[in-house]
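To keep things clear, I will list the structure first and then write my remarks on it.
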Amino acid sequence: MPGPARRPRPGDHVERLSPAFGVNYVPREQWWNAWLDFDEKSIAEDLTAIAGLGCDHIRIQCLWPVFQPFPTSVSASAMTRLSIVLDRAHDAGLDVWVTVLNGFLSGWVFRPPWLTRHNLFTDPLALSAAGLLLRSVAELVSAHPAGAGIDLGNEPNMLVGYEPQTVTQEDLDSWARTLIGTVRSATPDLPVVLGADHQPWMTDQVGFSPALLANEPDITTVHAWPYFSGFLGRFGEENDLAWSIGAYLAQVAAAHQTTPRPIWVQEIGVAPEWVTTVSIEDAVERLIRHAMSVPGVAGLSWWASHDIRSDHGGFAELEYGLGLLDVHNRVKPTGQRFADVIAELRAQQVR
């Protein structure tokens with residue numbers, strides 16, 4: 001999904017530079033609380049290490065309460081820090097997708113304090129505030145040479161259960177259409193996507209409709225986790241089908257497209273706790289190869305770039321070891337396997 005500084009139209013750059021390989025960046029020092037305890041030097045080191053794996057892009061996460069402390073304004077310091085991250089990514093040769101309305105991240109919920117009795121998806125105040133933040137971030141990203149695109153939010157469907165009133169699929173679809181339109185109005189040439197999890201594709205839980213996810217954003221995204229999707233539990237780790245979740249979701253997404261567009265496996269990963277007989281390096285390779293075997297899949301972003309420091313308490317145990325790099329920026333065996341596989345797949349594409 002990386003894009004050049006001048007893009008002819010949304011989505012073209014994905015097809016032109018296929019396959020794109022990157023990571024969901026997790027700052028090694030402060031996780032995404034890095035927006036508060038900002039350390040430009042460590043972030044620059046992280047991004048250099050990510051580029052060393054052969055990545056061409058990163059997906060990053062804003063924390064909504066940090067970026068928008070009031071519904072009527074955007075934090076100037078947070079925006080400055082976002083610009084610095086884009087600068088350092090550009091130095092490292094990485095394009096950046098910015099995920100804005102978070103929202104839900106690594107099992108934690110970040111709800112702006114001014115959203116008390118307001119429904120995030122339907123209340124006029126919430127929609128107006130979300131539009132303001134999205135416009136501000138989109139304009140910054142569009143003007144930056146490292147800016148690749150905007151993701152409305154990380155798995156916003158996961159927030160339905162936290163809303164004070166009932167939310168329907170129609171509410172979610174309307175929310176998405178409104179905010180996609182907001183980004184396009186502000187920055188017509190900047191691609192916009194929506195990073196929902198597997199549930200809208202696989203379950204009848206209240207969420208975005210598959211038709212919306214497949215057809216409204218410029219690129220169709222899927223989040224392909226073998227454990228959370230149930231694939232590992234259903235097939236078992238020794239069955240190769242357990243590692244085919246990316247391929248499965250990509251095909252489901254393609255089946256819902258009325259007009260073909262690129263598919264991005266936006267999140268995919270494996271925790272050490274999920275395997276006992278299959279090596280985690282082999283699991284990494286199988287996940288990538290299965291996902292990239294599907295026609296129309298234009299890119300893949302591994303979760304995550306880095307492990308989370310063990311002294312940052314409060315996360316579920318599985319969150320700490322998902323990185324391709326450790327907290328000292330050393331390449332883990334999973335990171336080396338990732339680098340080797342994507343290099344091979346790129347070489348095959350060139351031939």
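The values are calculated or read from the model by the stated rules, or taken from the named source; none is laboratory data. Keep in mind that this is a model prediction, so the values were computed, not measured. Reconstructed Cβ throughout: ideal geometry from the backbone, glycine too, with neighbour counts over all protein chains shown.
Look through segment 57-70, keep the residues that are over 18 Å from V26 (Cβ atoms) and not aromatic (F, W, Y), and return whichever of them is surrounded by the fewest Cβ atoms within 10 Å (Cβ to Cβ). Checked segment 57-70; the qualifying residue surrounded by the fewest Cβ atoms within 10 Å (Cβ to Cβ) is P69. Condition (residue is closer than 29 Å to A129 by Cα, part of a helix (DSSP H, G or I) and of a type in the set (S, T, Y)) applied to segment 183-194: is it met by at least one residue? Looking through segment 183-194, at least one residue is closer than 29 Å to A129 by Cα, part of a helix (DSSP H, G or I) and of a type in the set (S, T, Y). Pairs are defined by a Cβ separation below 9 Å, a sequence spacing of at least 6 or placement on different chains, a first member in segment 27-45 that is more than 13 Å from S305 (Cα to Cα), and a second member that is hydroxyl-bearing (S, T, Y); the pairs so defined are Q30/S42; A34/S42; W35/S75; W35/S77; F38/S77.
To keep it simple, each residue is scored yes or no on (1) more than 20 Å from the chain's Cα centre (by Cα); (2) on the phi < 0 side of the Ramachandran plot; (3) buried (at least 17 other Cβ atoms within 10 Å of the Cβ).
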{"position": "V160", "(1), (2), (3)": "no, yes, yes"}
{"position": "E163", "(1), (2), (3)": "yes, yes, yes"}
{"position": "L172", "(1), (2), (3)": "no, yes, yes"}
{"position": "A176", "(1), (2), (3)": "no, yes, yes"}
{"position": "A186", "(1), (2), (3)": "yes, yes, yes"}
{"position": "A196", "(1), (2), (3)": "no, yes, yes"}
{"position": "P200", "(1), (2), (3)": "no, yes, yes"}
{"position": "Q205", "(1), (2), (3)": "yes, yes, no"}
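Within segment 128-141, none of the residues are crowded, with 16+ Cβ neighbours inside 10 Å, part of a loop (DSSP other than H, G, I, E, B) and at pLDDT 95 or above. Could you tell me which residue of segment 125-143 is nearest to the chain's Cα centre (by Cα), considering only residues that are touching a residue at least 60 places away in the same chain (Cβ under 8 Å) and under 18 Å from V193 (Cα atoms)? Here the residue is V137. Tell me, please, whether a residue that is within 16 Å of the chain's Cα centre (by Cα) and acidic (D, E) can be found in segment 225-237. The answer is no, given that none of the residues of segment 225-237 is within 16 Å of the chain's Cα centre (by Cα) and acidic (D, E).
The residue of segment 100-123 that is modelled with the lowest pLDDT, among those that are under 22 Å from V192 (Cα atoms) and outside any loop (DSSP other than H, G, I, E, B), is F104.
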